[in-house]
1. Just the residues that are free of Cβ contacts under 8 Å to residues at least 12 places away in the same chain, closer than 21 Å to residue 181 by Cβ, in contact with a helix residue (DSSP H, G or I) (Cβ under 9 Å, 6 or more places away or on another chain) and in a loop (DSSP other than H, G, I, E, B), please, taken from region 118-162.
2. Return only the number of the condition from (1) within 23 Å of residue 140 (Cβ to Cβ); (2) surrounded by 21 or more Cβ atoms within 10 Å (Cβ to Cβ) that residue 234 does not satisfy.
3. With buried (at least 16 other Cβ atoms within 10 Å of the Cβ), at pLDDT 95 or above and within 30 Å of residue 247 (Cβ to Cβ) as the only criterion, which of 145, 170 stands out?
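The values are calculated or read from the model by the stated rules, or taken from the named source; none is laboratory data. Small disclaimer: the values here were computed from a predicted structure and weren't measured. Cβ placement follows ideal geometry from the backbone for every residue including glycine, while neighbour counts extend to all protein chains displayed.
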């Protein structure tokens, strides 16, 4: 009996060893594990590339906005001033700054590719989406910015950017001279986020929107409210100027 038991134990041991060596699932599991690791690496690389592109778009939008502002200043000086030496000097300085900004835009892709090997973005998808929408706003693509910010609101309902998103939507409508929709969004900022740094700007532009629609009573009321609510803000100073103009 003891010999039979020993023989059985040896047989079971040999079968187990053979199964472990010839297990057809072992190599398959190893391959699945390797493929999963490769997929994660690929996803990470794609995400990093996407974030680099979004960062470049933001920088491009900011530089383009500055160039547009400088171009307007040059046109204004040319239209309202003579060709005195002082004016020519100002124009030359502005034009030099415009040329410098254009060079930055041209050099940006090269700089990005040079630093991509050493820099690893840590920006979240939420931050990336916000920057993408903000870049459209900075580039004065207001209709596209409204769509991008609206989609952001749907995706990130409890975002830290909610007050900013509302403001940029409102300001996009304001710049498009769609004042009724601008008023709705500016008013939502004032009532929902009264302590936001965008609240004073929203109240000021809400008042200006009413004035642009021909409603000076409500417009002046809001401008006066800006002065009372945010007395030390830049918007309070602007409100005083507009109140003088609308007497």
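1. Passing the criteria: only 141.
2. Result: residue 234 passes all but (2).
3. 170
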